[in-house]
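A.B. asks: This is the structure I have questions about; it appears just below.
The values are calculated or read from the model by the stated rules, or taken from the named source; none is laboratory data. Computed from a predicted structure; not experimentally measured. Cβ placement follows ideal geometry from the backbone for every residue including glycine, while neighbour counts extend to all protein chains displayed.
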Amino acid sequence: MKFTETFANVLLILAIVGTTAGIFLYENALENDRECITIHFRTYENGNPTPNVVHIPNNEKSCFRLTSDDTTHMFNLPDFGIYSEPIHPGKWTYVDFTPEEAGEFSFVCTVVCSPLHSKVRGKIIVDN
Ligand SMILES: [Cu+2]
C-alpha cells in the first residue's frame, strides 16, 4: 500500500514537471522558428545597434527580434509610429510591421541608456 502511494506520487510529480517543461520548450521553439531580423541593441559607447542598417521589402510584413547586449533600450521607428516594449539584456522583444512606403527611415532608442543615448540609432531601408 505504502509503495503504491509513493509510486503514484512520483508518477504525478513526473507528469507535472514533464508537462511544464514540455510547454516551455515548445514555446521557446516557436519563438526561435519565427523568421525575424535580429538586432542587438548596444549603447553608443558599446558600438550602437548591430546591424544598424537593415533592408526590408515594401508592403510585406517584417518581424524584428530585438535584444540588448548591455542595458535596457527601446526601438522606435517614428516615421511608422512604431514603439517596442522595453528591450532587456538577454531577453527577446518582437516588433512586427508592414511598411507601405519605400525609402530610408531612422530608428532610435527612446530610453536614456547612456550619456550618449541620443546617438543610438540605425536605419531601416524599405526596398521597392
Ligand atoms: Cu538609449
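A.B. asks: Scan the stretch 45-59 for residues that are under 19 Å from the mean Cα position of the chain (by Cα) and either basic (K, R) or exposed (fewer than 12 other Cβ atoms within 10 Å of the Cβ) (or both) and report the count.
C.D. replies: 1
A.B. asks: On to the next question. Go over the candidates F3, F24 one by one and state the one that is surrounded by 10 or more Cβ atoms within 10 Å (Cβ to Cβ), at pLDDT below 95, aromatic (F, W, Y) and not in a loop (DSSP other than H, G, I, E, B).
C.D. replies: Of F3, F24, the one residue that is surrounded by 10 or more Cβ atoms within 10 Å (Cβ to Cβ), at pLDDT below 95, aromatic (F, W, Y) and not in a loop (DSSP other than H, G, I, E, B) is F24.
A.B. asks: Would you check which residues across the stretch 69-98 are part of a strand (DSSP E or B), closer than 19 Å to K119 by Cβ and touching a residue at least 40 places away in the same chain (Cβ under 8 Å) and list them?
C.D. replies: H73, L77, I87
A.B. asks: State yes or no: is K91 within 16 Å of the ligand (Cβ to nearest atom) and among the basic types (K, R)?
C.D. replies: So K91 fails the test.
A.B. asks: May I ask you to list the residues in the stretch 106-128 that are farther than 21 Å from E45 by Cα and surrounded by fewer than 17 Cβ atoms within 10 Å (Cβ to Cβ)?
C.D. replies: Of everything in the stretch 106-128, those that are farther than 21 Å from E45 by Cα and surrounded by fewer than 17 Cβ atoms within 10 Å (Cβ to Cβ) turn out to be I125, D127, N128.
A.B. asks: Return the residues of the stretch 99-111 that are of a type outside the set (D, E) and assigned to a loop (DSSP other than H, G, I, E, B); say none if nothing qualifies.
C.D. replies: Within the stretch 99-111, P99, A102, C109, T110, V111 meet the criteria.
A.B. asks: Is it fair to say T72 is within 17 Å of the chain's Cα centre (by Cα) and within 14 Å of the ligand (Cβ to nearest atom)?
C.D. replies: Taking the combined requirement at face value, the residue satisfies it.
A.B. asks: Right, here's the next one. Which members of the stretch 112-128 meet the condition of being away from the ligand (no atom under 16 Å from the Cβ) and not in a strand (DSSP E or B)?
C.D. replies: N128
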